[in-house]
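The values are calculated or read from the model by the stated rules, or taken from the named source; none is laboratory data. Model, not experiment: these values are computed from the prediction. All Cβ positions, glycine included, derive from the backbone under ideal geometry; neighbour counts span all protein chains shown. To get the accessible areas, we keep the full protein, side chains included, count just its heavy atoms, and leave off ligands, DNA and RNA. Shrake-Rupley method; radii C 1.70, N 1.55, O 1.52, S 1.80 Å.
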Amino acid sequence: MERPAWVPRSIDVSVPSVSRIYDFYLGGSHNFEVDREAARRAMEFMPGLPKIMQANRAFMRRAVRFATEEGIDQFLDIGSGIPTFGNVHEVAARARPGARVVYVDHDPVAVAHSEAVLADHDDADVVAADLRGPREILAAPQVERLIDLNRPVALLLVAILHFVEDADDPYAAVAELSDALAPGSLLVLTHASYEHVPLSAEQAGGAVDVYKDIRNPLIMRSRDDIARFFKGYDMVEPGLVPMPRWRSEQAPEDEDPYAFSGYAGVGRKA
């Protein structure tokens, strides 16, 4: 395929990317035909995938606003993906001018676009790193410049942990990040699960298999397994719940059934 001008030369445009597939679900334009093909294959099994991603983004924005209301003005967003309208730095700055944000992603396209979007923003930056390397993230100069770990931070892990296999010990990665945060910090998290998906597990599993085929396995954990990520945190009401049930502005019964797929929660570090 022809390489778009905005694509870094190091990117293999023939290989699907989770970040670009997510961008496609959200109606973005920074994705390739190979990404759209993978997304359409997954949607053959689970047609509500775009609704799930939209619910993720809506929860993220509500959680960021909640964090600012709690006095937090520092945000570390790991697995941030390709910038879209209403990103963390935009939501945070509207609610609390001067809020500082560091995005982290291992996808070079996501990083390149974040750099372009943030070029004129002194209070936001991006790090090319992987959740599985917490020390690398915490030691990054962008984090050292913008984030004061002696004060509360909102750590965002939105729609990222379900791409980390158990063999890579995501619980240890989250614990290491959490250990570096000051008391009063918030953990903001969403995670995919078979629970509440309005399909049979067999049909939903077809979509999961698509991600396995593109070498980005999607790990569907139970609510109990997801709750383990909040060790050391006190859950903020209403707890770990389907995304539309976390402080939504609209009645949950008005939401698309697919929006309830997976869980969302916010915890406060004791």
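What translational diffusion coefficient, to the nearest whole µm²/s, does the chain have by Stokes-Einstein, given a Kirkwood radius computed over alpha-carbon pairs, a temperature of 20 °C and 1.002 mPa s viscosity?
115 µm²/s
Just flag the trypsin sites (Lys or Arg not before Pro) in region 96-179 sitting in loop per DSSP whose Cβ has no more than 16 other Cβ atoms within 10 Å.
Arg132
Taking H as built 1.01 Å from N, whose amide H comes closer than 5 Å to the amide H of Val158, not counting residues under 5 places away?
Ile78, Thr190
Per residue, how many Å² of accessible area does region 44-111 show with a 1.4 Å probe?
Dividing the accessible area of region 44-111 by its residue count gives 35 Å².
Quickly estimate the mean residue ellipticity at 222 nm for the chain, helices only: each DSSP H run with n ≥ 4 gives -39500 (n - 2.57), and the total goes over all residues, rounded to 500.
Roughly -10500 deg cm²/dmol at 222 nm, from the helical runs in the chain.
Which of rounded, prolate or oblate describes region 3-125 when judged by the alpha-carbon gyration tensor and an a/c cut-off of 1.5?
oblate
Stretch Arg145-Asp234 to full length: gain in nm at 0.36 nm per residue minus the Cα-Cα span?
Going from the current span to full extension adds 29.2 nm.
Checking the cross-link filter: which lysines have an alpha carbon closer than 23 Å to that of Lys51, excluding same-chain neighbours under 8 positions apart?
Lys212
If you add up the charges near Lys212, with Lys and Arg at +1 and Asp and Glu at -1, over every other residue whose beta carbon is less than 13 angstrom from its beta carbon, what do you get?
-1
For a quick check: with amide H placed at 1.01 Å from N, whose amide H comes under 5 Å from Ser185's, ignoring anything fewer than 5 positions away on the same chain?
Val153, Lys269
If amide hydrogens are placed 1.01 Å from N in the peptide plane, which non-local residues have theirs closer than 5 Å to the one on Val127?
It is Tyr103, Val104, Asp105, by chain and number.
How big is the charge dipole of the chain about its Cα centre, in debye rounded to the nearest 20, if each Lys and Arg gets +1 on its Cβ and each Asp and Glu gets -1 on its Cβ?
The calculated dipole for the chain is roughly 300 debye.
Count charges around Ala264 for me, please; just the other residues with Cβ under 10 Å from its Cβ, Lys/Arg as +1, Asp/Glu as -1.
+3
Determine which lysines satisfy two conditions relative to Lys231: a Cα distance under 21 Å, and not lying fewer than 8 residues away in the same chain.
Lys269
Give me the percent of the accessible area of the chain that comes from carbon and sulfur atoms, probe 1.4 Å, all protein chains in place.
Exposed carbon and sulfur together represent 48 percent of the surface.
When ligands, DNA and RNA are left out and all protein chains stay put, how many square angstrom of accessible area per residue does region 147-270 have with a 1.4 Å probe?
Ligands and nucleic acids excluded, the result is 45 Å² per residue.
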